[in-house]
Structure formats: structure tokens, C-alpha cells
Amino acid sequence: MIGNFDFVLPTKIKYGAGSLKLLGDELKELDARKIMIITDKGIMKTGLMGRLTDLLNDEGLEYIVFDDIEPNPKDYNVEKCAKVARDNKVDTFVAFGGGSPMDAAKGAAVLVNQGGRIKDYQGKDKIGENCIPLITIPTTAGTGSEVTFSSVITDTENNFKFTVKSPYIAAKTAIVDPELTLSVPPLITASTGIDALTHAIEGYTANCTEPIAEAIGLYAVEYISSSILGAVENGNDLHSRDRMMMGSLMGGLSFSHSDVASVHCMAEALGSMYDAPHGLCNSILLPYVMEYNLPDCEFKYARIARAMGIDGNSDRETAEKGIEFIRKLSKKIGLPGLSSLQINKDDFETLAEMSVKNGSNGSNPRAIDKNTYRDLFIKAYEDMR
Ligand code: NAD
């Protein structure tokens, strides 16, 4: 029997090359009077911001720009963003950037009307309906945050990444334009691309998944695995960028209706302790968690391998080849190992403790405890030295 489930999709998706130009219409539909563009300093250095502000100027729309968002967005970034929005009587948010500005915008959209600190809302369904309306415009193909119900924020007092999760923080509209990713440098293309692949794999295999999330996740694997190399090797290859953007969007849809699992539990622990790029952390850990999960995931991992164009004589053999393919893919696209994070081996115990406390720990398809997490960190470290 297929269990009972809800499939809620509160976000309108406007997809396609050149779709950025639809922003004015979408803002008018939301009756936006005072807009805040939320972004980061990296985006400000590209020519992308000028394209966006030109559009708003042409439409005669009033806006301010808030660019004080750091990678792995910090609680104080979100709280400052909400304060500036309140002080300026902003009524609509446009998040423009990768997962960091999009997640910070989602968090600030809660605080403007509902008050308090962002960590008060940690966990599932703690927020009310009255969030500032948000349009997300992703500029990386990775997080899928443009359509997810989550915002991942770093608690800087406890060095811990936590998630705020509710359909109410989802964007009203996601404008998903692959042209905006043409300027992403190769290493960020690689790490964000593996983040998207991890969402697709975990969304498909998490133990709380359902058939729609499975189908979207599996199809995302096909898009991402067949185009990531092209996007990394030639950033101007719009065909590969387009497929990566679609894969990322589908990965986000999949895990948002299912969950992420142990790769993310470990990656978020690493990311908060070392302030390391999220996608890089996922790429380091993905093959090790898959190896651990294999006894409980043979059939699904074989299907993932087949979606990547790999086959073998049995599900087990096909799945093993798929894991090996992913391990080699990360190296081929230039992603370094765990030693690149200048990691301290004494931290493995704490990292394991943080991983087991992560809200998605229970969604891993194979039961996992603190000692196993510690052993997986050690294995990844020893292998990659
Ligand atoms: P990011 O947003 O931190 O951006 C990484 C870097 O890329 C930044 O320096 C940025 O300026 C630069 N950049 C972005 N777009 C660019 C472009 N088009 N051209 C040139 N440079 C560009 O990275 P990310 O991987 O997109 O987001 C990571 C964050 O998202 C993490 O905090 C992670 O935990 C979170 N996340 C959230 C969800 C969710 O559903 N909410 C899902 C996965 C990850």
C-alpha cells in the first residue's frame, strides 16, 4: 500500500532562459510597493545585479538592496535583514543569489511580522502564515531553495546549522533562469551541482519519501549526472547549465516533499564547524553514506545507477558501480577531499554528535548512530589524505 501523504506546492515556478525579465509582472501581481533585494557581496561583483535593478527601474518599482548575507548564512545576517526591512517599511522580498541569500530571505520574511530571533523558529511548522511575500531567483544550480519549505541558518552561539521548515516560508514565485548561472566559477558549479545530486538521491531514498518525490528525484539524477561535467568544463554551455538548473529545481522539489538524510546531517555539521561550502561537504560524504546504506537500498541505488547510464549483472553490482561513479565524478570535476578543510581529527566525536542530533537523522534509509557517523568521518578522512 502507498501510505497517505500531502503534496503541497505553494510556489509558482516561472522556468526558462531569459525568464528574469518576468520579474516586473510577478512583482505587480503581488502588489509590491517597497521591495528589498536580498543578496550577497559575491553577486554584487558580477554584472547580474545591474540586470535586475535595470528591470525594476524600467518598471518604476521602488526598491532597496541588502547585500549583507554571508555563506552558510548566520543568525545575525537574518536578524539584521529583518530589522532593515522593518525600518524601511518593505512589503516584498526578492532573494537573488544562491542558497545563502534565499535562505536568509526566507528567515527574515518570518521575523519582520512575527518577531523574535530566528532560532526561536527552529524545527517544523513553528511559524505563522504572515510572512513577507517572497520571490526567489536562484543564481546557482544546487540548493533548490527557490522552491523548498526550508531555510538553513547557522546558530553562531552554538556553531550549529539548524533548519526552519514550513510551507509558509516557501516563495510565492520562483523565477528560475539558467542564464543566471553562466557566471558561476567551475569549483562552485561542481560543489553546488553535487549538492543538487545529493538532494535528488536523498529525496528519492529517505524513509519518509512518497512516489511523487521519488519520481522527481530519480529524474533529477538523470539531468544532473549527464550535464554536470559539461557545466564545469565549459561555463558558457547553456545546454548543460539549463539541465543543471532543472536538475537542481527537481532535487529541491523531491527532498522538500520527502527529506534529506545522513549525508546532509554530516555535511551540515561540517559546514557549521568549519564554515565550509555546503556542496563540497556533501560531495565528500555522499559515497561513504551510500556505501553504509547499500544493504538497505540495493534496489533504489541500482535505479539511481541506471539513471546515470550504468548497468551491471545484479542490483547489487549496479548499485556498487553507481557509488564508484559518483566518487570518481567528484574527483573529475575537481572537488577536493576532507583534508582540504584543515580538519582536526579531535572534532570527529563532536561532529558525530551534531550529525545524530540533526532533524533529518531519522529519515536516513538505514538506522544510523553516533558511532557510525564517527566511523564514516574517519573513513572519509583516512581515504582522502
Ligand atoms: P551560496 O549561496 O553560499 O553561494 C556560493 C558563492 O557563489 C557565493 O560567493 C556567491 O556570491 C557565489 N555566486 C552565486 N551565484 C553566482 C553567480 N551566478 N556567478 C558568480 N558567483 C555566484 O551557495 P549555495 O550552494 O547556492 O547555497 C548554500 C547554502 O544553501 C548553505 O547554507 C546550505 O545549507 C543552504 N541550502 C539550503 C537548502 C534549502 O532548501 N533551504 C537546500 C540546500 C542547501
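The values are calculated or read from the model by the stated rules, or taken from the named source; none is laboratory data. Note that this is a predicted model, so its numbers are computed, not measured. Don't worry about glycine lacking a Cβ; one is built from the backbone with ideal geometry, like all the others, and counts go over all protein chains shown.
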> Where in the range 126-168 are the strands (runs of 3 or more DSSP E), entirely inside, with at least 2 residues that are more than 9 Å from the ligand (Cβ to nearest atom) and of a type in the set (A, V, I, L, M, F, W, C)?
Replying inline: 134-138, 160-165
>> I'm checking my understanding of the structure. Among residues of the range 258-278 that are aliphatic (A, V, I, L, M) and part of a helix (DSSP H, G or I), which one is nearest to the ligand (Cβ to nearest atom)?
In response: Ala267
> What number of residues within the range 189-209 are within 10 Å of the ligand (Cβ to nearest atom) and either assigned by TED's automatic domain parsing to the domain that holds Thr139 or hydroxyl-bearing (Ser, Thr, Tyr) (or both)?
Replying inline: 4
>> I'm trying to understand the selection: among the residues of the range 210-224, which are away from the ligand (no atom under 16 Å from the Cβ) and either surrounded by fewer than 24 Cβ atoms within 10 Å (Cβ to Cβ) or aliphatic (A, V, I, L, M) (or both)?
In response: Glu210, Pro211, Ile212, Glu214, Ala215, Leu218, Tyr219, Val221, Glu222
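Of all residues in the range 80-122 being among the charged types (D, E, K, R) and within 16 Å of the ligand (Cβ to nearest atom), which is nearest to Lys45 (Cα to Cα)? Explain how you work it out, then say what you get.
Taking the range 80-122 and keeping what is among the charged types (D, E, K, R), we get 80, 83, 86-87, 89, 91, 103, 106, 117, 119-120.
Pick out the ones that are also within 16 Å of the ligand (Cβ to nearest atom) and you get 103, 106, 119.
On the way: Asp103: 20, Lys106: 23, Lys119: 30 Å.
Ranking the qualifying residues of the range 80-122, first place goes to Asp103.
Counting only residues that are acidic (Asp, Glu) and outside any helix (DSSP H, G or I), how many does the range 194-237 have? Explain how you work it out, then say what you get.
The initial filter retains those residues of the range 194-237 that are acidic (Asp, Glu), namely 195, 202, 210, 214, 222, 233, 237.
Cutting the leftovers down to outside any helix (DSSP H, G or I) gives us 210, 237.
Qualifying residue count for the region: 2.
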> Between a first residue in the range 69-94 that is free of Cβ contacts under 8 Å to residues at least 24 places away in the same chain and assigned by TED's automatic domain parsing to the domain that holds Met44 and a second residue that is surrounded by 17 or more Cβ atoms within 10 Å (Cβ to Cβ) and part of a helix (DSSP H, G or I), which pairs have beta carbons less than 9 Å apart while being 6 or more apart in sequence or on different chains?
Replying inline: Lys80/Ala108; Lys83/Ala108; Lys83/Leu111; Lys83/Val112
> Condition test on Leu52, is it more than 22 Å from the chain's Cα centre (by Cα) and in contact (Cβ under 8 Å) with a residue 40 or more places away in the chain?
Replying inline: yes
>> Restricting to the range 345-377, name every residue that is more than 14 Å from Val289 (Cβ to Cβ), among the hydrophobic types (A, V, I, L, M, F, W, C) and free of Cβ contacts under 8 Å to residues at least 40 places away in the same chain.
In response: Phe348
>> Gly251 - would you say it is within 13 Å of the ligand (Cβ to nearest atom), closer than 30 Å to Asn159 by Cα, crowded, with 24+ Cβ neighbours inside 10 Å and in contact (Cβ under 8 Å) with a residue 40 or more places away in the chain?
In response: yes
> Looking at the range 178-188, which of the residues that are part of a helix (DSSP H, G or I) and within 9 Å of the ligand (Cβ to nearest atom) is surrounded by the most Cβ atoms within 10 Å (Cβ to Cβ)?
Replying inline: Thr181
>> Condition first: closer than 15 Å to Ser191 by Cβ and either within 10 Å of the ligand (Cβ to nearest atom) or among the hydroxyl-bearing types (Ser, Thr, Tyr) (or both). Now tell me which residues in the range 279-312 satisfy that.
In response: Gly279, Leu280, Cys281, Asn282, Ser283
> Which of the helices (runs of 4 or more DSSP H) contained wholly in the range 14-60 include at least 3 residues that are at pLDDT 95 or above and away from the ligand (no atom under 16 Å from the Cβ)?
Replying inline: 23-29, 48-59
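Conditions (1) farther than 19 Å from Val164 by Cα; (2) in contact with a Leu (Cβ under 7 Å, 6 or more places away or on another chain); (3) polar (S, T, N, Q), marked per residue:
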site	(1), (2), (3)
Arg33	yes, no, no
Gly47	yes, no, no
Phe93	no, yes, no
Pro101	no, no, no
Ala109	no, yes, no
> Would you call Ala305 of a type outside the set (S, T, N, Q), more than 20 Å from the chain's Cα centre (by Cα) and surrounded by 24 or more Cβ atoms within 10 Å (Cβ to Cβ)?
Replying inline: yes
